[in-house]
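Here is the structure we will look at.
The values are calculated or read from the model by the stated rules, or taken from the named source; none is laboratory data. Fair warning: this is a prediction, and the values are worked out from it, not measured in the lab. With ideal geometry, Cβ positions are generated from the backbone for all residues, glycine too; neighbour counts draw on all protein chains shown. Each accessible area value is taken on the protein alone, full model and side chains, heavy atoms only, with ligands, DNA and RNA left out. Shrake-Rupley method; radii C 1.70, N 1.55, O 1.52, S 1.80 Å.
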Amino acid sequence: VEEQAKKMKYVLVTGGVVSGLGKGVTASSIGLLLQACGLRVTSIKIDPYLNTDAGTMSPFEHGEVFVLDDGGEVDLDLGNYERFLDSTLTRDNNLTTGKIYQSVIDKERKGDYLGRTVQVVPHITDAIQEWIERVANVPVDGKEGPPDVCVIELGGTIGDIESMPFIEALGQFSYKVGPGNFCLVHVSLVPVLSVVGEQKTKPTQHSVRELRSLGLTPNILACRSTKALEENVKTKLSQFCHVPEENIVTLYDVPNIWHVPLLLRDQKAHGAILKELNLLGKAVEADVTEWTERTKIYDSLQDPVRIAMVGKYTGLTDSYLSVLKALLHASVACHKKLVVEWVAASDLEEITAHETPDVHKAAWDLLKGADGILVPGGFGDRGVQGKILATKYARENQVPFLGICLGMQLAVVEFSRSILGYKDANSTEFEPETSSPCVIFMPEVLGSTTHMGGTMRLGSRRTHFQVPDCKSAKLYGNAKYVDERHRHRYEVNPDMIPEIENAGLSFVGKDGTGRRMEIVELQNHPYFVGVQFHPEFKSRPGKPSALFLGLIAAASGCLEAVLQASGKMNKVLINGMANGTAMGKFYMNGNVYSNGNGLHH
């Protein structure tokens with residue numbers, strides 16, 4: 001037992017019956033609970049698609065592309081892992097069929113297989129196991145030494161052709177690491193037929209049978225259903241799936257995903273996992289006090305703050321998942337109920353006014369009724385003019401505004417057109433021949449504007465504040481610099497900076513060379529901030545992103561209190577001051593500061 005306790009432990013989360021059951025949230029919640037038991041946790045997401053990464057996939061197809069510190073463009077589930085576990089993952093934590101096949105083919109081309117026939121079994125399956133073992137031992141929590149547990153999520157549904165090599169590899173892997181070191185959590189659907197109102201177990205029975213036929217045996221069943229499983233249903237599942245009743249948990253519908261770890265805790269899922277992994281002796285009682293308190297606050301919020309999200313993927317919320325989460329984290333910190341008004345950028349344009357005037361009017365009504373406006377990043381020219389019009393409205397009407405990546409670039413374009421009088425001001429991304437190029441192609445590594453993969457400025461880069469008393473620097477706790485994640489190819493044209501700044505738009509944050517503009521602020525405006533980076537990727541439930549906190553505070557009328565507090569503090573506890581998160585607590589003269597609006601500093 002002692003020898004087993006020293007080994008790396010693995011929790012595999014698989015899904016059955018249908019996709020989209022919430023395997024990612026379940027895996028994140030399991031990781032959070034194990035962390036709450038005093039264990040160090042890392043995560044691996046396996047995506048069976050052939051893309052080497054998520055970088056070139058459309059947000060309509062697969063949700064947003066999540067960017068990591070090392071520049072990895074990965075599946076949005078890794079964003080859930082980072083937010084729930086407060087960890088910093090790498091591109092290797094996202095394993096795809098493309099990556100595995102590429103690595104095996106590269107080895108074959110170099111002659112590493114000594115002339116042998118290269119096959120799915122054993123070469124692909126061995127490569128998968130080696131990858132998992134290598135990555136599982138890399139710490140992601142900033143501490144030395146390997147983690148205690150690695151939570152692996154297998155994307156897709158059991159039975160998919162594309163995931164077969166991974167299932168075979170994981171079957172071999174479970175035998176290799178041995179009992180007591182591997183726990184399989186199978187997430188399945190228990191539907192309720194509206195006609196009879198009965199919870200049906202047959203889909204789960206078939207899913208488990210298929211899983212067993214492929215060489216994997218579930219230790220724990222996590223059943224998705226509209227309500228808690230009835231006792232007779234649990235008994236039936238236990239009988240036919242050969243899983244103890246105490247190892248069958250219900251993931252019934254909850255108001256928000258912050259409840260999922262608490263749902264698992266209440267059903268003692270962590271105890272079942274610890275038992276399977278022989279970790280009961282090492283783990284402590286799960287402490288989720290802070291998480292529970294935050295969830296209670298979230299549930300009790302009444303006072304709304306309306307944010308207009310002006311984008312082009314408004315039909316699919318997963319396209320802007322991290323932005324939505326960052327807005328939520330900031331809203332909860334401000335004790336405000338977040339209401340996101342989705343505004344399709346193209347609906348704001350003049351052409352829509354002629355074609356569908358009702359749609360045009362509805363879009364503008366939503367924009368004008370908002371307390372704050374957010375223009376997120378994006379690629380392509382669809383909706384650009386609408387985003388410019390929304391930015392102009394925010395600037396002229398003193399509405400709190402945050403522009404991210406393309407949103408920041410368009411704020412510069414709009415300012416150049418309206419204030420500097422350059423009517424044809426544009427980004428060379430949309431108008432290569434413009435006579436007033438405000439935004440130009442400036443890659444760190446010379447590459448093609450047409451070849452998508454690998455030409456972008458990706459990952460964590462340092463931004464140095466140029467103006468110490470600007471709003472952004474104060475929100476970051478009077479930091480001199482901040483490290484944030486980037487994903488772009490175009491930059492504000494450095495040759496136009498003096499003229500733009502003289503007209504009142506200040507570039508308060510720049511990179512180390514001073515040539516790349518990172519943060520822009522408009523003088524004499526309540527809150528008009530544009531950033532070249534993506535602050536949403538480092539926002540956490542207990543540590544909201546500084547600039548999102550600024551937007552929500554400005555939209556709620558309490559920005560001054562936040563800025564004053566940051567200016568007066570004599571001792572600051574900042575959760576990762578220069579790593580993109582806002583302040584945890586302010587201690588002023590030995591007292592915890594609160595501004596009376598429920599925003600605790």
If we scan segment 531-549, do we find a residue that is modelled with pLDDT of 95 or more, hydrophobic (A, V, I, L, M, F, W, C) and not in a helix (DSSP H, G or I)? yes
Looking at segment 35-72 only, could you name the residues that are part of a loop (DSSP other than H, G, I, E, B), in contact (Cβ under 8 Å) with a residue 40 or more places away in the chain and open to solvent by 20 Å² or more (accessible area, probe 1.4 Å)? G38, R40, Y49, L50, N51, T52, D53, T56, D69, D70
How many residues does segment 503-527 hold that are open to solvent by 10 Å² or more (accessible area, probe 1.4 Å) and either part of a strand (DSSP E or B) or β-branched (V, I, T) (or both)? 5
Taking the residues in segment 73-121 that are part of a helix (DSSP H, G or I) and among the aliphatic types (A, V, I, L, M) as candidates, determine which candidate is farthest from G63 (Cα to Cα). V121
Evaluate segment 514-522: report whether one residue or more is farther than 22 Å from S460 by Cβ and in contact (Cβ under 8 Å) with a residue 60 or more places away in the chain. yes
Among the residues of segment 86-115, write down those that are open to solvent by 10 Å² or more (accessible area, probe 1.4 Å), over 20 Å from N51 (Cα atoms) and in contact with a helix residue (DSSP H, G or I) (Cβ under 8 Å, 6 or more places away or on another chain). T88, Y113
Could you run through segment 304-327 and say how many residues are buried (at least 19 other Cβ atoms within 10 Å of the Cβ) and closer than 21 Å to A561 by Cβ? 4
Does G372 fit the bill of being surrounded by fewer than 16 Cβ atoms within 10 Å (Cβ to Cβ) and farther than 22 Å from E82 by Cβ? no
Report the residue count in segment 285-303 for those that are surrounded by fewer than 17 Cβ atoms within 10 Å (Cβ to Cβ) and either β-branched (V, I, T) or at positive phi (or both). 3
Does segment 251-292 hold any residues that are at pLDDT 95 or above and hydroxyl-bearing (S, T, Y), and which are they? T289, T292
